[in-house]
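Working notes, beginning with the structure itself.
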Amino acid sequence: MLHITNKKVSGFNTQWASFHGFSILFNNPGDKCLQPRSPGMLDLVNDVNDYPALKFYAILHEGITRLNINFLTNQFLFCALPPSTYHVTLWGGLNDRHVTKIEPQYRSIVEKWLSDLPESSCNTPKSIFDLPASSPLCLKRDWNINFCFDGLKVWNNSVLVAALRPDENSISVFKQLCEERRQLNEIVHDRFNIDTDTKAYTPHVSLGYFANEEGAQRASNFVDEWNQWFSNACQDNLLSFNNTDIYGLTDMVTFFKAVDN
């Protein structure tokens, strides 16, 4: 807990650590989510307040704001993610943590590509992207899946998430996604000799990270109370996606994709 006594100080700004990698993300609905960064590259920048298709994200952000971000930071060392970067990951690919464990013949290629992000995302070696890019997870453009809010959760004493579940009309599609994801995990493991993501798929929107485990543990005691507002506010709202793309990242608030993805 941070105990602030100076009346001229109300809180602290988060500095996000470097974390380079790529993932398959659902493309957020509508045309208010991407903006040009440079020729051939688009940044993920959601406009959640003025776009109805992103109402689900707007509700989540309102809930965090109601809890008072400065209070969360001071009491739990909670670092809220900006709603402009809210997203749902379908599959996590290679990242910095994997480099030392990667099959030696690919290690130097992956290491250089990761270190050169974001510029390298426009000129990615085939061996890095070809497996996820050729998966039905990316190729199929009409998954048309809807997710419901399934509760706030603190995972791994690290992150506060809005857990999601498929709505009744999306259960069969969700099973298909999980199977395609399982197959992608297997072929990526066969090439790189590492597991880049978990076997089970647990869809969610990350709302922020805790700077240490102690803060996360203290916050866990309040999650049931916080859930009351979130559950009521989200109960009649769905988060809908049609398709996915491969996105690079350089930290927890910077996501981007090549224009031709």
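Out of the range 15-61, which residues are among the hydrophobic types (A, V, I, L, M, F, W, C) and over 16 Å from Leu238 (Cα atoms)?
Correct list: Trp16, Ala17, Phe19, Phe22, Ile24, Leu25, Cys33, Leu34, Met41, Leu42, Leu44, Val45.
Look through Phe192, Phe241, Phe230, Phe222 and report the one residue that is within 14 Å of Phe26 (Cα to Cα) and either modelled with pLDDT of 95 or more or in contact with an Asp or Glu (Cβ under 8 Å, 6 or more places away or on another chain) (or both).
Only one candidate qualifies: Phe241.
Before we move on, is Ser220 more than 24 Å from Arg141 (Cα to Cα), in contact with a strand residue (DSSP E or B) (Cβ under 7 Å, 6 or more places away or on another chain) and not basic (Lys, Arg)?
Answer is yes for this residue.
With the checklist (1) out of contact with any Gly (no Cβ under 8 Å at 6 or more places or on another chain); (2) modelled with pLDDT of 95 or more; (3) closer than 22 Å to Val253 by Cα in hand, flag the one item Phe76 doesn't pass.
(1)
Among the residues of the range 118-157, count how many are surrounded by fewer than 15 Cβ atoms within 10 Å (Cβ to Cβ), of a type outside the set (S, T, N, Q) and either assigned to a loop (DSSP other than H, G, I, E, B) or at pLDDT below 95 (or both).
4
Return the total of residues in the range 206-261 being exposed (fewer than 15 other Cβ atoms within 10 Å of the Cβ), assigned to a loop (DSSP other than H, G, I, E, B) and free of Cβ contacts under 8 Å to residues at least 60 places away in the same chain.
2
Only residues that are buried (at least 19 other Cβ atoms within 10 Å of the Cβ) and of a type in the set (A, V, I, L, M, F, W, C): list them for the range 35-56, please.
Leu42, Leu44, Val48, Leu54, Phe56
In the range 158-189, what residues are in a strand (DSSP E or B), in contact with an Asp or Glu (Cβ under 9 Å, 6 or more places away or on another chain) and of a type in the set (A, V, I, L, M)?
Ala162, Ala163, Leu164
The values are calculated or read from the model by the stated rules, or taken from the named source; none is laboratory data. Computed from a predicted model, the values in this text were never measured in an experiment. Because the Cβ atoms are built from the backbone with ideal geometry, glycine has one as well, and the counts that use them run over all protein chains shown.
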